[in-house]
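Written below as structure tokens is the structure these notes are about.
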Amino acid sequence: MNKNNIVDLIAEIEDEVNQLDKLAIDVEKTRMTLPSEPEERRIHEESLALKLHNFYTGCERVFKNIAKDVNGGVPDSFDWHRRLLHTMSLNLENVRPAVISRETETALSEFLSFRHVVRNIYGFSIDSEKLGHLLNNFGNAYRMFKQDVIGFVKFLKDLG
């Protein structure tokens, strides 16, 4: 990787993390205002489901940029989303250190699975219990992701 590519990648990652910071605030605000009336609650839950979908999509954008610019490309298979996530937890000798920890990979895998569900059902079919579980894990998953990615950005800055 040349210095310009590293600088571009760092900027892209930092921009995505800034967007995810805004999303994290929105998730918490929406979560704190969940109404008790079932129909109103369902509408808010659909919004939260989309926000959690967007959370994983943002994480995956970071991973795709790293895969393209550092790894040499995004996996090319039917299960490329899952393989991309797993690859980010691997230390690639003479290429890069792991971008995220195995613990972060495990936490994010739930959001990857949920994103798939959100893309393939009607919003009113969201499982409230599963959504609640993910909302309870969201803050920790995002903190781990952000901490890991900031560590990876430090590695990139040291390269440049």
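Okay, here's what the table says:
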| read-out | value |
| --- | --- |
| Condition broken by Ser113, with the remaining ones in (1) farther than 21 Å from Ile25 by Cβ; (2) small (Gly, Ala, Ser); (3) in contact with a helix residue (DSSP H, G or I) (Cβ under 6 Å, 6 or more places away or on another chain) satisfied | (3) |
| Boolean, Glu16 is free of Cβ contacts under 8 Å to residues at least 60 places away in the same chain, surrounded by 15 or more Cβ atoms within 10 Å (Cβ to Cβ), out of contact with any strand residue (DSSP E or B) (no Cβ under 8 Å at 6 or more places or on another chain) and of a type outside the set (Val, Ile, Thr) | yes |
| Complete set of residues in segment 134-160 that are within 15 Å of Lys51 (Cβ to Cβ) and open to solvent by 60 Å² or more (accessible area, probe 1.4 Å) | Asn136 |
| Selected residue (only one of Glu45, Glu39 is among the acidic types (Asp, Glu) and open to solvent by less than 60 Å² (accessible area, probe 1.4 Å)) | Glu45 |
| Top-ranked residue in segment 75-86 [being without any contact (Cβ under 8 Å) to a residue 24 or more places away in the chain and open to solvent by less than 50 Å² (accessible area, probe 1.4 Å); ranked as farthest from Asn2 (Cα to Cα)] | Ser77 |
| Hits in segment 110-127 - residues which are open to solvent by 60 Å² or more (accessible area, probe 1.4 Å) and in contact (Cβ under 8 Å) with a residue 60 or more places away in the chain | Arg119, Phe124 |
| Some residue of segment 2-18 being within 30 Å of Asp158 (Cα to Cα) and not in a helix (DSSP H, G or I) | yes |
| Any pair with Cβ under 7 angstrom, 6 or more apart, that starts in segment 37-64 at a residue that is among the small types (Gly, Ala, Ser) and ends at one that is open to solvent by 70 Å² or more (accessible area, probe 1.4 Å) | Gly58/Gln19 |
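The values are calculated or read from the model by the stated rules, or taken from the named source; none is laboratory data. Please read all numbers here as calculations on a predicted model, not as lab measurements. Virtual Cβ from ideal backbone geometry, glycine too; neighbours counted across all protein chains shown. Side chains are part of the model used for accessible areas, which takes the heavy atoms of the whole protein and leaves out ligands, DNA and RNA. Shrake-Rupley method; radii C 1.70, N 1.55, O 1.52, S 1.80 Å.
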